[in-house]
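A short write-up of the structure that comes next.
The values are calculated or read from the model by the stated rules, or taken from the named source; none is laboratory data. If you're wondering where the values come from, they're calculated on a predicted model, not measured in any experiment. Heads up, the Cβs are rebuilt from the backbone with ideal geometry, glycines too, and the neighbour counts pull from every protein chain shown. Accessible surface is based on the protein model in full, side chains and every heavy atom, while ligands, DNA and RNA are left aside. Shrake-Rupley method; radii C 1.70, N 1.55, O 1.52, S 1.80 Å.
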Amino acid sequence: MIAGTKILVTGGTGYIGSHTVVELINSGYQPVIVDNLSNSSLQVLKQIEGITGVNPEFFNFDLSDKQRIDNLRKIHPDIEGIIHFAAFKAVGESVEQPLKYYRNNIYPLVNLLDSFSEQKVNFVFSSSCTVYGEPDQLPVTESSPVKPAESPYGNTKQIAEDILRDTAKATHNLRVTALRYFNPVGAHASALIGELPIGVPQNLVPFITQSAIGKRGAITVFGNDYNTPDGSCIRDYIHVVDLAKAHIAALKNMENTAQGKTYDVYNVGTGNGNTVLEIIKAFESTTGVKLNYTIGARRSGDIEKIYGDVNKAEKELGWKAELGLPEMMSSAWAWENYIKQHPF
Ligand code: NAD
Ligand code: WQD
(Lines give C-alpha, C1' and ligand atoms only; values in the text may rest on other atoms or scores of the structure.)
(Ligands and ions follow the chains in the order given, each with its own letter.)
Protein backbone atom coordinates (compact mmCIF):
# COMPACT_ATOMS: atom_id res chain seq x y z
CA MET A 1 0.00 0.00 0.00
CA ILE A 2 1.23 3.51 -0.72
CA ALA A 3 1.84 5.85 2.19
CA GLY A 4 1.16 9.37 1.01
CA THR A 5 -1.14 11.95 2.58
CA LYS A 6 -4.50 10.26 3.19
CA ILE A 7 -7.48 11.66 1.31
CA LEU A 8 -11.02 10.43 1.88
CA VAL A 9 -12.75 10.23 -1.50
CA THR A 10 -16.52 9.88 -1.26
CA GLY A 11 -18.13 8.60 -4.45
CA GLY A 12 -14.67 7.40 -5.48
CA THR A 13 -15.91 4.55 -7.67
CA GLY A 14 -18.11 6.94 -9.67
CA TYR A 15 -17.29 8.63 -12.97
CA ILE A 16 -15.34 11.70 -11.83
CA GLY A 17 -14.28 10.09 -8.53
CA SER A 18 -12.53 7.13 -10.20
CA HIS A 19 -10.52 9.41 -12.50
CA THR A 20 -9.58 11.54 -9.50
CA VAL A 21 -8.48 8.49 -7.49
CA VAL A 22 -6.10 7.65 -10.35
CA GLU A 23 -4.66 11.18 -10.32
CA LEU A 24 -4.35 11.14 -6.52
CA ILE A 25 -2.33 7.91 -6.71
CA ASN A 26 -0.23 9.34 -9.56
CA SER A 27 0.49 12.38 -7.36
CA GLY A 28 1.60 10.30 -4.36
CA TYR A 29 -1.56 10.60 -2.23
CA GLN A 30 -3.24 7.66 -0.49
CA PRO A 31 -6.94 7.65 -1.36
CA VAL A 32 -9.45 6.02 0.98
CA ILE A 33 -12.70 5.50 -0.91
CA VAL A 34 -16.24 5.43 0.49
CA ASP A 35 -19.05 4.57 -1.91
CA ASN A 36 -22.36 2.78 -1.48
CA LEU A 37 -22.25 1.60 -5.12
CA SER A 38 -25.67 3.15 -5.77
CA ASN A 39 -24.36 4.39 -9.13
CA SER A 40 -21.09 2.52 -9.66
CA SER A 41 -19.51 -0.91 -9.58
CA LEU A 42 -16.92 -2.66 -7.44
CA GLN A 43 -15.13 -3.62 -10.65
CA VAL A 44 -13.94 0.00 -10.88
CA LEU A 45 -11.41 -0.75 -8.11
CA LYS A 46 -9.84 -3.48 -10.28
CA GLN A 47 -9.75 -1.07 -13.21
CA ILE A 48 -7.99 1.56 -11.08
CA GLU A 49 -5.48 -1.10 -10.06
CA GLY A 50 -5.00 -1.94 -13.75
CA ILE A 51 -4.03 1.67 -14.42
CA THR A 52 -2.00 2.49 -11.32
CA GLY A 53 -0.88 -0.84 -9.86
CA VAL A 54 -2.54 0.21 -6.60
CA ASN A 55 -5.70 -1.36 -5.21
CA PRO A 56 -7.15 1.56 -3.23
CA GLU A 57 -8.72 0.99 0.18
CA PHE A 58 -12.49 0.83 -0.12
CA PHE A 59 -15.43 1.08 2.29
CA ASN A 60 -18.92 0.23 1.09
CA PHE A 61 -21.43 2.27 3.06
CA ASP A 62 -23.96 5.05 2.77
CA LEU A 63 -22.71 8.42 4.01
CA SER A 64 -26.16 9.10 5.45
CA ASP A 65 -24.95 6.88 8.30
CA LYS A 66 -22.80 9.19 10.47
CA GLN A 67 -21.78 6.33 12.78
CA ARG A 68 -20.03 4.66 9.84
CA ILE A 69 -18.12 7.87 9.11
CA ASP A 70 -17.12 8.14 12.80
CA ASN A 71 -15.89 4.53 12.68
CA LEU A 72 -13.88 5.21 9.53
CA ARG A 73 -12.25 8.18 11.27
CA LYS A 74 -11.15 5.85 14.07
CA ILE A 75 -9.57 3.48 11.56
CA HIS A 76 -7.91 6.41 9.75
CA PRO A 77 -7.32 9.21 12.27
CA ASP A 78 -4.76 10.76 9.90
CA ILE A 79 -7.04 11.73 7.02
CA GLU A 80 -5.92 15.21 5.95
CA GLY A 81 -8.27 15.87 3.06
CA ILE A 82 -11.75 15.02 1.82
CA ILE A 83 -12.98 15.12 -1.77
CA HIS A 84 -16.75 14.84 -1.66
CA PHE A 85 -18.18 13.51 -4.93
CA ALA A 86 -20.97 11.31 -3.53
CA ALA A 87 -24.36 12.64 -4.63
CA PHE A 88 -27.23 11.89 -6.96
CA LYS A 89 -27.00 13.85 -10.21
CA ALA A 90 -30.01 13.23 -12.45
CA VAL A 91 -31.63 16.63 -12.92
CA GLY A 92 -34.96 15.32 -14.24
CA GLU A 93 -35.32 12.73 -11.48
CA SER A 94 -34.66 15.45 -8.90
CA VAL A 95 -37.73 17.32 -10.16
CA GLU A 96 -39.85 14.15 -9.75
CA GLN A 97 -38.35 13.09 -6.41
CA PRO A 98 -36.97 16.19 -4.67
CA LEU A 99 -36.65 14.61 -1.22
CA LYS A 100 -34.49 11.82 -2.59
CA TYR A 101 -32.06 14.54 -3.71
CA TYR A 102 -32.25 16.77 -0.63
CA ARG A 103 -31.72 13.70 1.55
CA ASN A 104 -28.79 12.22 -0.36
CA ASN A 105 -27.01 15.39 -1.41
CA ILE A 106 -27.27 17.23 1.92
CA TYR A 107 -27.29 14.73 4.85
CA PRO A 108 -23.96 13.09 3.89
CA LEU A 109 -22.32 16.50 3.61
CA VAL A 110 -23.53 17.56 7.06
CA ASN A 111 -22.46 14.18 8.49
CA LEU A 112 -18.97 14.53 7.06
CA LEU A 113 -18.55 18.06 8.41
CA ASP A 114 -19.91 17.02 11.81
CA SER A 115 -17.75 13.95 12.06
CA PHE A 116 -14.55 15.76 11.05
CA SER A 117 -15.29 18.94 13.03
CA GLU A 118 -12.52 18.30 15.58
CA GLN A 119 -9.95 17.57 12.91
CA LYS A 120 -7.99 19.78 10.52
CA VAL A 121 -9.09 18.95 6.98
CA ASN A 122 -8.92 20.37 3.48
CA PHE A 123 -12.24 19.76 1.78
CA VAL A 124 -12.90 19.78 -1.97
CA PHE A 125 -16.54 19.89 -3.04
CA SER A 126 -18.13 18.92 -6.38
CA SER A 127 -20.27 21.87 -7.30
CA SER A 128 -21.66 22.66 -10.72
CA CYS A 129 -22.06 25.45 -13.26
CA THR A 130 -25.77 24.76 -12.82
CA VAL A 131 -25.62 27.32 -9.97
CA TYR A 132 -25.38 30.10 -12.60
CA GLY A 133 -28.68 29.18 -14.29
CA GLU A 134 -29.10 31.05 -17.60
CA PRO A 135 -26.33 33.64 -17.32
CA ASP A 136 -26.78 37.30 -18.28
CA GLN A 137 -23.15 37.64 -19.31
CA LEU A 138 -20.64 35.24 -20.80
CA PRO A 139 -18.23 33.86 -19.87
CA VAL A 140 -19.43 33.38 -16.30
CA THR A 141 -16.95 34.27 -13.59
CA GLU A 142 -17.06 33.05 -10.00
CA SER A 143 -18.67 36.35 -9.04
CA SER A 144 -21.47 36.05 -11.60
CA PRO A 145 -24.81 35.86 -9.82
CA VAL A 146 -26.01 32.50 -8.53
CA LYS A 147 -29.55 32.23 -9.91
CA PRO A 148 -32.53 30.57 -8.23
CA ALA A 149 -32.10 26.91 -9.03
CA GLU A 150 -34.12 25.38 -11.87
CA SER A 151 -34.13 21.96 -10.21
CA PRO A 152 -33.86 20.43 -6.74
CA TYR A 153 -30.53 18.95 -7.91
CA GLY A 154 -29.20 22.42 -8.72
CA ASN A 155 -30.55 23.69 -5.44
CA THR A 156 -28.64 21.03 -3.50
CA LYS A 157 -25.41 22.39 -5.01
CA GLN A 158 -26.27 25.95 -3.95
CA ILE A 159 -27.27 24.85 -0.46
CA ALA A 160 -24.13 22.73 -0.12
CA GLU A 161 -21.94 25.69 -1.09
CA ASP A 162 -23.68 27.79 1.58
CA ILE A 163 -23.29 25.06 4.22
CA LEU A 164 -19.59 24.76 3.44
CA ARG A 165 -18.95 28.52 3.42
CA ASP A 166 -20.77 29.04 6.74
CA THR A 167 -19.08 26.06 8.39
CA ALA A 168 -15.60 27.01 7.18
CA LYS A 169 -16.13 30.52 8.55
CA ALA A 170 -17.19 29.22 11.95
CA THR A 171 -14.35 26.75 12.56
CA HIS A 172 -10.55 26.90 12.52
CA ASN A 173 -10.16 23.36 11.27
CA LEU A 174 -11.87 23.42 7.92
CA ARG A 175 -10.67 24.82 4.61
CA VAL A 176 -12.92 24.40 1.59
CA THR A 177 -12.51 24.62 -2.15
CA ALA A 178 -15.75 24.34 -4.12
CA LEU A 179 -15.18 23.46 -7.77
CA ARG A 180 -17.95 24.42 -10.16
CA TYR A 181 -17.62 21.84 -12.92
CA PHE A 182 -18.81 22.61 -16.42
CA ASN A 183 -19.63 19.57 -18.60
CA PRO A 184 -17.29 16.65 -17.91
CA VAL A 185 -16.90 14.21 -20.81
CA GLY A 186 -14.44 11.60 -22.06
CA ALA A 187 -12.57 8.85 -20.27
CA HIS A 188 -9.13 7.80 -19.09
CA ALA A 189 -6.58 7.31 -21.92
CA SER A 190 -6.24 3.63 -20.92
CA ALA A 191 -9.99 3.17 -21.64
CA LEU A 192 -10.18 1.17 -18.39
CA ILE A 193 -12.48 3.65 -16.62
CA GLY A 194 -15.17 5.99 -17.91
CA GLU A 195 -18.78 7.04 -17.49
CA LEU A 196 -21.28 4.22 -16.96
CA PRO A 197 -24.79 5.63 -17.25
CA ILE A 198 -27.58 3.44 -15.94
CA GLY A 199 -30.39 3.19 -18.52
CA VAL A 200 -30.84 5.71 -21.30
CA PRO A 201 -28.15 8.41 -21.03
CA GLN A 202 -29.52 11.88 -20.39
CA ASN A 203 -26.20 13.54 -21.22
CA LEU A 204 -25.05 14.30 -24.73
CA VAL A 205 -21.72 12.49 -25.10
CA PRO A 206 -22.77 9.14 -23.57
CA PHE A 207 -25.82 9.22 -25.84
CA ILE A 208 -23.58 9.90 -28.85
CA THR A 209 -21.22 6.98 -28.08
CA GLN A 210 -24.09 4.57 -27.31
CA SER A 211 -25.85 5.60 -30.51
CA ALA A 212 -22.62 5.19 -32.52
CA ILE A 213 -22.06 1.67 -31.18
CA GLY A 214 -25.65 0.67 -31.96
CA LYS A 215 -26.96 0.49 -28.41
CA ARG A 216 -29.38 3.41 -29.04
CA GLY A 217 -31.17 4.81 -32.05
CA ALA A 218 -30.64 8.23 -33.60
CA ILE A 219 -29.54 11.15 -31.47
CA THR A 220 -32.08 13.92 -31.05
CA VAL A 221 -30.59 17.41 -31.04
CA PHE A 222 -32.75 19.26 -28.53
CA GLY A 223 -33.57 22.40 -30.50
CA ASN A 224 -31.87 24.31 -33.32
CA ASP A 225 -33.69 27.61 -32.85
CA TYR A 226 -31.59 29.04 -30.01
CA ASN A 227 -29.74 32.31 -30.33
CA THR A 228 -26.40 30.66 -31.14
CA PRO A 229 -24.38 30.44 -34.40
CA ASP A 230 -26.00 27.17 -35.54
CA GLY A 231 -29.11 27.33 -33.33
CA SER A 232 -28.11 24.51 -30.92
CA CYS A 233 -27.15 25.03 -27.26
CA ILE A 234 -23.65 25.94 -26.14
CA ARG A 235 -21.73 24.27 -23.28
CA ASP A 236 -18.18 24.22 -21.94
CA TYR A 237 -17.13 20.57 -22.28
CA ILE A 238 -14.14 19.53 -20.17
CA HIS A 239 -12.13 16.30 -20.34
CA VAL A 240 -12.69 14.29 -17.15
CA VAL A 241 -8.93 13.75 -16.70
CA ASP A 242 -8.34 17.52 -16.75
CA LEU A 243 -11.19 17.86 -14.25
CA ALA A 244 -9.66 15.15 -12.03
CA LYS A 245 -6.35 17.04 -12.02
CA ALA A 246 -8.12 20.20 -10.83
CA HIS A 247 -8.87 18.37 -7.54
CA ILE A 248 -5.17 17.71 -6.98
CA ALA A 249 -4.42 21.36 -7.69
CA ALA A 250 -7.11 22.41 -5.20
CA LEU A 251 -5.69 20.14 -2.47
CA LYS A 252 -2.14 21.34 -3.06
CA ASN A 253 -3.26 24.94 -3.00
CA MET A 254 -4.91 24.47 0.41
CA GLU A 255 -1.87 22.57 1.71
CA ASN A 256 0.55 25.25 0.56
CA THR A 257 -1.19 28.50 1.38
CA ALA A 258 -1.08 30.04 4.82
CA GLN A 259 -4.18 29.88 6.98
CA GLY A 260 -6.56 32.76 6.50
CA LYS A 261 -8.70 32.05 3.47
CA THR A 262 -11.12 29.34 4.54
CA TYR A 263 -13.53 29.09 1.59
CA ASP A 264 -13.09 29.61 -2.10
CA VAL A 265 -14.84 28.69 -5.31
CA TYR A 266 -13.46 28.06 -8.81
CA ASN A 267 -14.88 27.47 -12.26
CA VAL A 268 -13.48 24.29 -13.79
CA GLY A 269 -13.99 24.26 -17.53
CA THR A 270 -11.95 24.99 -20.64
CA GLY A 271 -13.29 28.49 -21.17
CA ASN A 272 -14.57 27.48 -24.64
CA GLY A 273 -18.18 27.08 -25.67
CA ASN A 274 -19.28 24.50 -28.25
CA THR A 275 -22.68 23.86 -29.74
CA VAL A 276 -24.37 20.44 -29.78
CA LEU A 277 -23.87 20.26 -33.55
CA GLU A 278 -20.17 21.07 -33.15
CA ILE A 279 -19.84 18.18 -30.69
CA ILE A 280 -21.54 15.84 -33.16
CA LYS A 281 -19.13 16.99 -35.89
CA ALA A 282 -16.11 16.69 -33.57
CA PHE A 283 -17.09 13.10 -32.74
CA GLU A 284 -17.48 12.23 -36.43
CA SER A 285 -14.22 13.82 -37.54
CA THR A 286 -12.19 12.40 -34.64
CA THR A 287 -13.48 8.84 -34.82
CA GLY A 288 -14.44 8.57 -38.49
CA VAL A 289 -17.82 7.20 -37.38
CA LYS A 290 -20.92 8.78 -38.94
CA LEU A 291 -23.70 9.64 -36.52
CA ASN A 292 -27.39 9.37 -37.14
CA TYR A 293 -29.14 12.43 -35.72
CA THR A 294 -32.34 14.42 -36.09
CA ILE A 295 -33.36 17.85 -34.91
CA GLY A 296 -36.03 17.70 -32.23
CA ALA A 297 -37.87 20.01 -29.86
CA ARG A 298 -36.12 21.97 -27.13
CA ARG A 299 -35.66 20.09 -23.87
CA SER A 300 -37.50 21.79 -21.04
CA GLY A 301 -35.23 23.59 -18.56
CA ASP A 302 -32.21 23.69 -20.90
CA ILE A 303 -29.82 26.63 -20.65
CA GLU A 304 -29.22 28.30 -24.03
CA LYS A 305 -25.52 28.99 -23.63
CA ILE A 306 -22.93 28.84 -20.89
CA TYR A 307 -19.15 28.67 -20.68
CA GLY A 308 -16.77 29.62 -17.94
CA ASP A 309 -14.10 32.19 -17.32
CA VAL A 310 -11.38 29.92 -15.95
CA ASN A 311 -8.67 32.48 -15.23
CA LYS A 312 -9.08 32.31 -11.45
CA ALA A 313 -8.21 28.59 -11.34
CA GLU A 314 -5.22 29.18 -13.60
CA LYS A 315 -3.92 32.09 -11.55
CA GLU A 316 -4.56 30.73 -8.05
CA LEU A 317 -4.48 26.95 -8.45
CA GLY A 318 -1.98 26.80 -11.30
CA TRP A 319 -4.44 24.54 -13.12
CA LYS A 320 -5.59 24.77 -16.73
CA ALA A 321 -7.37 22.30 -19.02
CA GLU A 322 -4.95 20.75 -21.49
CA LEU A 323 -7.09 18.38 -23.54
CA GLY A 324 -9.37 19.41 -26.39
CA LEU A 325 -12.43 18.05 -28.17
CA PRO A 326 -10.45 15.42 -30.15
CA GLU A 327 -9.15 13.81 -26.91
CA MET A 328 -12.61 14.06 -25.31
CA MET A 329 -14.30 12.35 -28.26
CA SER A 330 -11.65 9.70 -28.96
CA SER A 331 -11.40 8.65 -25.29
CA ALA A 332 -15.20 8.50 -24.89
CA TRP A 333 -15.35 6.32 -28.01
CA ALA A 334 -12.49 4.04 -26.88
CA TRP A 335 -14.26 3.57 -23.53
CA GLU A 336 -17.61 2.73 -25.19
CA ASN A 337 -15.81 0.07 -27.24
CA TYR A 338 -13.95 -1.27 -24.20
CA ILE A 339 -17.11 -1.62 -22.13
CA LYS A 340 -18.85 -3.43 -24.98
CA GLN A 341 -16.04 -6.03 -24.95
CA HIS A 342 -15.71 -6.12 -21.15
CA PRO A 343 -19.12 -5.31 -19.60
CA PHE A 344 -19.29 -4.79 -15.84
P1 NAD B 1 -21.44 9.35 -10.25
O2 NAD B 1 -22.85 9.00 -9.99
O3 NAD B 1 -20.70 8.60 -11.30
O4 NAD B 1 -20.60 9.23 -8.90
C5 NAD B 1 -21.15 9.49 -7.63
C6 NAD B 1 -20.80 8.30 -6.74
O7 NAD B 1 -21.33 8.54 -5.42
C8 NAD B 1 -21.41 6.98 -7.21
O9 NAD B 1 -20.38 6.00 -7.28
C10 NAD B 1 -22.44 6.62 -6.14
O11 NAD B 1 -22.54 5.23 -5.97
C12 NAD B 1 -21.90 7.34 -4.91
N13 NAD B 1 -22.90 7.76 -3.92
C14 NAD B 1 -24.04 8.47 -4.14
N15 NAD B 1 -24.68 8.69 -2.97
C16 NAD B 1 -23.94 8.11 -1.99
C17 NAD B 1 -24.08 7.99 -0.58
N18 NAD B 1 -25.14 8.51 0.06
N19 NAD B 1 -23.13 7.33 0.11
C20 NAD B 1 -22.05 6.80 -0.52
N21 NAD B 1 -21.87 6.87 -1.85
C22 NAD B 1 -22.80 7.52 -2.59
O23 NAD B 1 -21.39 10.93 -10.55
P24 NAD B 1 -20.21 11.82 -11.14
O25 NAD B 1 -20.58 12.23 -12.50
O26 NAD B 1 -18.91 11.20 -10.90
O27 NAD B 1 -20.39 13.12 -10.23
C28 NAD B 1 -19.63 13.31 -9.06
C29 NAD B 1 -20.04 14.62 -8.41
O30 NAD B 1 -19.85 15.68 -9.32
C31 NAD B 1 -21.50 14.68 -7.97
O32 NAD B 1 -21.56 15.40 -6.75
C33 NAD B 1 -22.15 15.47 -9.09
O34 NAD B 1 -23.30 16.14 -8.64
C35 NAD B 1 -21.05 16.44 -9.43
N36 NAD B 1 -21.15 16.98 -10.80
C37 NAD B 1 -21.23 16.10 -11.84
C38 NAD B 1 -21.34 16.61 -13.14
C39 NAD B 1 -21.48 15.68 -14.32
O40 NAD B 1 -21.94 16.11 -15.36
N41 NAD B 1 -21.10 14.41 -14.21
C42 NAD B 1 -21.34 17.99 -13.35
C43 NAD B 1 -21.23 18.85 -12.25
C44 NAD B 1 -21.14 18.32 -10.97
C1 WQD C 1 -25.64 19.06 -23.17
C2 WQD C 1 -26.31 19.66 -24.39
C3 WQD C 1 -28.69 19.39 -24.47
C4 WQD C 1 -28.70 15.04 -24.94
C5 WQD C 1 -26.50 18.58 -17.24
C6 WQD C 1 -27.04 19.04 -15.92
C7 WQD C 1 -26.06 19.95 -15.23
C8 WQD C 1 -24.69 19.31 -15.16
C9 WQD C 1 -24.23 18.72 -16.45
C10 WQD C 1 -24.30 18.33 -13.00
C11 WQD C 1 -27.61 20.37 -24.08
C12 WQD C 1 -28.04 18.65 -25.60
C13 WQD C 1 -28.30 16.35 -24.78
C14 WQD C 1 -29.32 14.65 -26.16
C15 WQD C 1 -29.07 16.90 -26.98
N16 WQD C 1 -24.63 18.24 -14.22
N17 WQD C 1 -28.48 17.26 -25.77
N18 WQD C 1 -29.49 15.60 -27.13
O19 WQD C 1 -27.73 20.00 -20.01
O20 WQD C 1 -25.45 20.98 -19.86
O21 WQD C 1 -26.26 19.70 -18.01
O22 WQD C 1 -25.26 17.91 -17.01
O23 WQD C 1 -24.14 19.26 -12.29
O24 WQD C 1 -26.57 20.24 -13.98
O25 WQD C 1 -28.24 19.75 -16.14
O26 WQD C 1 -25.69 18.49 -20.14
O27 WQD C 1 -25.12 16.53 -21.49
O28 WQD C 1 -27.51 16.82 -20.70
O29 WQD C 1 -26.61 18.31 -22.46
O30 WQD C 1 -29.23 17.72 -27.88
O31 WQD C 1 -29.72 13.49 -26.34
O32 WQD C 1 -26.67 18.59 -25.28
O33 WQD C 1 -29.88 20.00 -24.88
O34 WQD C 1 -27.69 21.49 -24.91
P35 WQD C 1 -26.37 19.86 -19.55
P36 WQD C 1 -26.25 17.44 -21.17
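Things to note:
- Nearest-ten-degree value, helix 240-256 long axis tilted from longest Cα axis of the chain: 30 degrees
- Size of electric dipole in region 1-73: Cβ of Lys, Arg +1 and of Asp, Glu -1, about Cα centre, debye, nearest 20: 100 debye
- Cα lying deepest toward the dipole's positive end in region 90-206, options ASN105, ALA168, GLY154, charges on Cβ: ALA168
- Listed residues TYR29, VAL205, VAL289: farthest to the positive end of the dipole of the chain (Cβ charges): TYR29
- Cα centroid separation - region 66-127 against region 236-296, whole Å: 23 Å
- Using bins of 10 Å that start at zero, the share of Cα-Cα pairs per bin across the chain amounts to 5, 26, 36, 24, 7, 1, in whole %.
- Once the Cβ-Cβ distance of LYS147 and ASP302 is raised to the sixth power relative to R0 = 22 Å, the FRET efficiency obtained is 0.95.
- When each of the peptides 322-330, 204-212, 285-293, 137-145 is scored by how many other beta carbons lie within 10 Å of its residues on average, the order from highest to lowest is 204-212, 322-330, 137-145, 285-293.
- Highest-first arrangement of 214-220, 227-233, 15-21, 276-282, where packing means the average Cβ count within 10 Å: 15-21, 276-282, 227-233, 214-220
- The lysines within cross-link reach of LYS252, meaning a Cα-to-Cα straight distance under 20 Å and a gap of 8 or more places when in the same chain, are LYS6, LYS120, LYS261, LYS312, LYS315, LYS320.
- A Cβ-based charge dipole, computed about the Cα centre of the chain with Lys and Arg at +1 and Asp and Glu at -1, lands at about 340 debye.
- 3J(HN,Hα) couplings calculated from phi for region 216-228 with the Karplus curve 6.51 cos²θ - 1.76 cosθ + 1.60 (θ = phi - 60°) are, in sequence order, 10, x, 5, 7, 9, 7, 7, x, 10, 10, 7, 7, 9 Hz; Gly and Pro show x.
- Reach of LYS215 by Cα under 18 Å, taken over lysines that are not fewer than 8 positions away in the same chain: LYS290, LYS340
- Whole-percent carbon and sulfur share, accessible surface of region 166-284, 1.4 Å: 51 percent
- Note that the chain presents 43 Å² accessible area per residue, ligands and nucleic acids not counted, probe 1.4 Å.
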